[in-house]
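Read the figures in this text as sums done on the coordinates, not as results from a lab. As the structure is a computational prediction, the values presented were derived from the model and not from experiment. When we count neighbours, we look across all protein chains shown, and the Cβ atoms used for this are built from the backbone with ideal geometry, even at glycine.
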2 protein chains.
Amino acid sequence: MSLIVQKYGGTSVADLAHIRNVAKRVIGYKKRGHDVVVVVSAMAGETDRLIGLADEISPAHDEREHDALVSTGEQVSSALLAMTIIEMGTKTRSLQGHQVSIGTDNGYMRARITDVDVKKIGKLLKSGHVVVVAGFQGIDPEGNITTLGRGGSDTTAVALAAKLKADECEIFTDVDGVYTADPRLCSDAKKIHNISYEEMIELASMGSKILHIRAVEFAMKYDVTLHVRSSLSDKEGTIVTSEDIEMEKMVVTAVAHDSNQAKITLVGVPDRPGVAYRIFEPVSAVGISVDMIIQNVSQEGFTDLTFTVRKTDYRKTLELVKPVCDGLGAEDVLGDPDIAKVSVVGVGMRSHAGAATTMFEALSKAGININMISTSEIKISCIINERYTELAVRVLHDAFKLKKKRAKAVKKPVRKRKKN
Amino acid sequence: MSLIVQKYGGTSVADLAHIRNVAKRVIGYKKRGHDVVVVVSAMAGETDRLIGLADEISPAHDEREHDALVSTGEQVSSALLAMTIIEMGTKTRSLQGHQVSIGTDNGYMRARITDVDVKKIGKLLKSGHVVVVAGFQGIDPEGNITTLGRGGSDTTAVALAAKLKADECEIFTDVDGVYTADPRLCSDAKKIHNISYEEMIELASMGSKILHIRAVEFAMKYDVTLHVRSSLSDKEGTIVTSEDIEMEKMVVTAVAHDSNQAKITLVGVPDRPGVAYRIFEPVSAVGISVDMIIQNVSQEGFTDLTFTVRKTDYRKTLELVKPVCDGLGAEDVLGDPDIAKVSVVGVGMRSHAGAATTMFEALSKAGININMISTSEIKISCIINERYTELAVRVLHDAFKLKKKRAKAVKKPVRKRKKN
């Protein structure tokens, strides 16, 4: 008998029919003798509906009340799931953040879990209950309701799995695992069976919105093995674990892309202390997140600085940096909203040279010009013209032999033909 | 400076526009120097929406999860109201049942408040905050979320007013007070300025759904003066208080009616111990509430027993009592879903004889036949044919001179005509 923590995302509990499916699956685990703790997100669309109401009051509405408001989404789905499980004859109880309790700091809208009390969960499991926990929410030391930020239910699940020393932490979602590239762009893409925490973090931050990045960091910190899989099938998904365990030794594990990018270049910026701060402070102050930032070596006291933001933040960012540039006496501000980022990710890069060469060669052969380059220990990203995104993903997937290396040749059984 | 507890019902917070009106009113009180604690119901329709989801899972869904589910309605409205008040520049915080905390027993769906901790509220008031409390909900000794039953937000407000020793407890609703009769049936009906707790309880239990009956009982117990008024105007409403204070000495204060009634008569029931229990147990077990019960003196060991239920429960109740009657060997089961109850209510009846005579005479003169009669110390109720409801209310309103006694004759100022 093992202890399993399962997390179901918003699409998995989108309506009562989906909730019934989740209930059946949970009861199946319970009947096979496992202890099960289920973490649920809000029903798909509910969080957006609530935020819409709050934004109507004011786009800059109070953060404490924001959290009190949106945390009701998970309370509703957890109660509905618990009701359904009870209706199907299995004992269960829903627990909210304050009931578990899931202690956080008081950073509303992006609180960090500081302590999880699992006594109540332990008692319920012991008395034969399935435990349903409302994800995404916690409670600060003063008893205020907090939320963990978008995708925070993943973090709730990992934190519970860590504290309960669960045997497995399954993240049920609407895809059946992590792929070597987006299957919609690249029909050759293959499901990755094992991936390291580090690679998963690089992929998550790239817009492969399968797993909340903080949940993966949390899992890495507490060595919780994650299993990302589909709530619509029983197929194995992708195991996210530490590098040394059963990891296939690959230079590159996956190709990722993000078309939701725009770039802004500040030409002829005076190269002196405090300039970067003056440029980026007003941008981050309104909640716009800057992705890549590249600054070339200075020439005669002036430099060019390029950075990328989300396409939707492009106009606003231009408006914000223009006056700053004028104040700094920069030469010009240029922008391009039609770009994309393609990346290759793999822990193997640490020990294998040449990944960058392979990447640049592949793009060059396909006639794709590289605008910007940025590298980390296990990732290389290139900014290219958006219209080549699909092509770039395909040629990189081929260049790193992601299909070939992982595909097992399935031999068709040769049937002997009966002789007449 | 006084401390005021205000309760706003679902129609008063039905949407963001209504919530803004409530916020303005609350801030007005605050600016005039009062300390304000606001109790809110769920946005109109929200509780029904949530119960609809639960009923879809099962009409007999788990009660603990029911409470976890529906309490989100008040959490949403309290957070939205707090946000709006903050947006308008006044300090406030929303508090949920577990945050106040509002302690209850563990009777899910109809929990009773056992203890209210007002320390946190006191601290917030002291630091200049308006405090917004989610009505209807509490928390049991084990930390489970409970709800107080329909209309429970009134009870929350009264309990807070009692514990905080508030100077006033205002119940804002969509009517501007309690009337001598339903103004839609009786255009002569007048607003009652003062009414006793006892009279209000009799009216509330009659389907004058202005105030939750348990809230009035609670107010009576702790001597909290209530002010029932409209959230759409600044007009004074109706003061509900103890009998001896400023009460106008009337025999009858108001005429009430309830058309949502049906009657069932069991003919020739053996008159022996345990019979009533056997008849009513299966009815109450499914949550059907029985209103009037009348049993005449026994004749030769057999009796007729008549009782009333809500029209919507009529068919179901017949189905439930028929087999019991067969088992008891009763002669027959008769029913009539086309009845109504009209009542006159007044603490003055205690000391004045003759109210019953006046009532029967008035109905008789109008040609209205009385089916059943039931009396309490301060109320006389008659069951009549439903089609005479309106007529009965009018003749009773006239017979007890409810209009005349309360109307002040407004003399038109006589203008002297200018002489040419």
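What does the average come to when, for each residue of peptide A:66-78, you count the partner chain Cβ atoms lying within 10 Å of its Cβ?
That average works out to 5.
When only alpha-carbon atoms count, how far does chain B stretch along each of its three principal axes, as whole angstroms with the largest first?
82, 74, 36
Can you give me the Kirkwood hydrodynamic radius for the stretch B:1-42, using every pair of distinct Cα atoms, in Å to one decimal?
Answer for the stretch B:1-42: a Kirkwood hydrodynamic radius of 10.5 Å.
Fewest first, what order do B:227, B:212 take by the number of other Cβ atoms within 10 Å?
B:227, B:212
Can you list the copy-to-copy distances for residue A:333, using a point 7 angstrom from Cα toward Cβ, in nanometres, shortest first?
8.0
If we sort A:36-42, B:12-18 on the protection proxy, mean other Cβ atoms within 10 Å, highest first, what's the order?
A:36-42, B:12-18
Give me the inter-chain shielding for B:83-94: mean count of other chain Cβ atoms within 10 Å, whole number please.
Mean inter-chain Cβ contacts per residue within 10 Å come to 4.
Using the Cα gyration tensor of the protein assembly as shown, with a ≥ b ≥ c the square roots of its eigenvalues, what is the shape: rounded (a/c below 1.5), prolate (a/b larger than b/c) or oblate (neither)?
Prolate is the answer for the protein assembly as shown, as a/c is 1.5 or above and a/b outweighs b/c.
For residue A:87, place a label point 7 Å from Cα along the Cα-to-Cβ direction in every copy; what are the distances to the other copies, in nm, shortest first?
Here the equivalent label points are 3.5 nm apart from this one.
To one decimal in nm, how far is residue A:174 from the same spot in the other copies, if labels go 7 Å from Cα toward Cβ? Please give the shortest first.
3.6
Percent antiparallel among DSSP beta bridges with both residues in chain A, to the nearest 5?
Just about 60 percent of them are antiparallel.
Among A:213, B:86, rank each residue by its count of other Cβ atoms within 10 Å, from fewest to most, as a rough exposure measure.
Final ranking by Cβ density, sparse to dense: A:213, B:86.
Shape call for the stretch B:201-332 from the C-alpha gyration tensor, a ≥ b ≥ c root eigenvalues: rounded (a/c under 1.5), prolate (a/b greater than b/c) or oblate?
prolate
Computed from the mean reciprocal separation of all distinct C-alpha pairs, what Kirkwood hydrodynamic radius does the stretch A:44-149 have, in Å?
Across the stretch A:44-149, the inverse of the average 1/r is 14.4 Å.
How far, in whole Å, is the closest Cβ of chain B from the axis that maps B onto A, and which residue does it belong to?
Nearest Cβ to the rotation axis, residue and whole-Å distance: B:72, 2.
Counting other beta carbons within 10 Å of each Cβ, put B:29, B:222 in order, fewest first.
Fewest-to-most Cβ neighbours within 10 Å comes out as B:222, B:29.
Among bridges DSSP assigns within the stretch B:114-267, what percent are antiparallel (round to 5)?
Percentage antiparallel, nearest 5: 45.
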